[in-house]
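Only one structure is covered here, and it is reproduced in the block below.
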Amino acid sequence: MPAVKQTPLTVPSHTLLAHKLAALRDKTTPAATFRRLLAEIGAILTVEATAELEATHQTVETPLMPMSHKVLAQPEPCLVPVLRAGLGLLEGARWILPEAPVGHVGLFRDERTLSPQEYVVRLPPDLAERGAILLDPMLATGGSAVAAVDRLKQAGAKRIIFVCVVAAPEGAQKLAAAHPDVPCFAASLDERLNEHGYILPGLGDAGDRCFGT
Ligand code: PRP
Ligand code: URA
């Protein structure tokens, strides 16, 4: 599938992904539909983000004959949503990686400074062996993404992929500068941030829209 690749940011070119994102952005979309769309987008982005996972071959016996088949070389990577809004992506990511352990990183942005404040971290013990996919719909200033990756690396993760829905250029650059080894997949690279640190055109406050707060 052709993609706009601006290492380490990849924006998959996928009509269905764009279609669902249009509905997600729409300010009249109700919370229940917003959550469903976020889950579906989470599934599509997880497929895209895992395309290059290490593979090996194993023998499979079909009803007719044995064959050598491409399979995952490692167990499924851990899924780590950034609370709260990352939970919306998690549902769809788990459709694709049903055996992945799930960790949680809870961060909220200080409204005045926009710096991330950590309130919970619970991570699976085998991050180092499995690697991790971080899930957060919004990459705005990039402060939360950098802090979340820092946390996973402190816990031993070496292979980390960041999945978001909407990225601002400022956040994508900050994440790439701080963690150039972390590939980032986004459904859209938007125009810019406003003076309150919200992404334009964006989709508003993802956590509030997801949970009706
Ligand atoms: C949102 C979003 C990211 C963060 C992005 O979370 O889900 O975690 O903001 O902003 P940044 O790139 O400038 O750090 P928020 O802090 O609003 O918390 P919530 O998910 O609980 O609503
Ligand atoms: N967090 C959000 O939920 N939306 C933005 O536009 C920026 C940060």
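Scan segment 1-82 for trypsin sites (Lys or Arg not before Pro) in coil per DSSP, keeping those whose Cβ has at most 13 other Cβ atoms within 10 Å, and list them by number. Could you put the intermediate results ahead of the total?
Details: sites: Lys5, Lys20, Arg25, Lys27, Arg35, Arg36, Lys70; in loops: Lys27.
Here the sparse-neighbourhood loop sites are Lys27.
Determine the calculated [θ] at 222 nm for the chain from helices alone, applying -39500 (n - 2.57) to every DSSP H run no shorter than 4 residues and normalising by the residue count; nearest 500 deg cm²/dmol. Mind showing how you got there, number by number?
Values: 7 runs with 73 residues, N = 213.
Roughly -10000 deg cm²/dmol at 222 nm, from the helical runs in the chain.
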Q: Would you pull out the residues with amide H under 5 Å of Gly202's amide H, same chain only if 5 or more places away, H placed 1.01 Å from N?
A: Glu191
Q: About the Cα centre of segment 120-213, how large is the charge dipole given +1 on each Lys and Arg Cβ and -1 on each Asp and Glu Cβ? Please answer in debye to the nearest 20.
A: 340
Q. What size of dipole, in debye to the nearest 20, comes out for the chain about its Cα centre when the only charges are +1 on Lys and Arg C-beta atoms and -1 on Asp and Glu C-beta atoms?
A. 160
Q. Say R0 is 25 Å: what FRET efficiency, to the nearest 0.05, do Ala31 and Lys158 get from their beta-carbon distance?
A. 0.10
Q. Ordered by packing density, taken as the mean number of other Cβ atoms within 10 Å over each peptide's residues, highest first, how do 93-99, 202-208, 38-44, 61-67 rank?
A. 38-44, 202-208, 93-99, 61-67
Q | Relative contact order computed over the chain (Cα-Cα under 8 Å; 6+ residues apart), in percent | A | 21
(Q) For Arg159, what residues show an amide H to amide H distance below 5 Å, using hydrogens built from the backbone and excluding near sequence neighbours? (A) Gly131, Ala132
Q. Considering only Ala49, Leu127, His196, whose Cα is most displaced toward the positive end of the charge dipole of the chain, charges sitting on Cβ of Lys, Arg (+1) and Asp, Glu (-1)?
A. His196
Q) Percent of accessible area on segment 75-203 owned by carbon and sulfur, 1.4 Å probe? A) 52
Q | Karplus 3J(HN,Hα) series, Hz, for segment 115-120 with 6.51 cos²θ - 1.76 cosθ + 1.60 (x for Gly, Pro) | A | 7, x, 10, 8, 10, 7
Q) If each Cα of the chain is one equal point scatterer, what is log10 of I(q)/I(0) from the Debye formula at q = 0.11, 0.18 Å⁻¹? A) -0.50, -1.31
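The values are calculated or read from the model by the stated rules, or taken from the named source; none is laboratory data. Being a predicted model, the structure only gives us computed values, none of them experimental. Here the Cβ is made from the backbone with ideal geometry for all residues, glycine too, and neighbour counts use every protein chain on show. Side chains included, ligands, DNA and RNA excluded: accessible areas come from the protein's heavy atoms. Shrake-Rupley method; radii C 1.70, N 1.55, O 1.52, S 1.80 Å.
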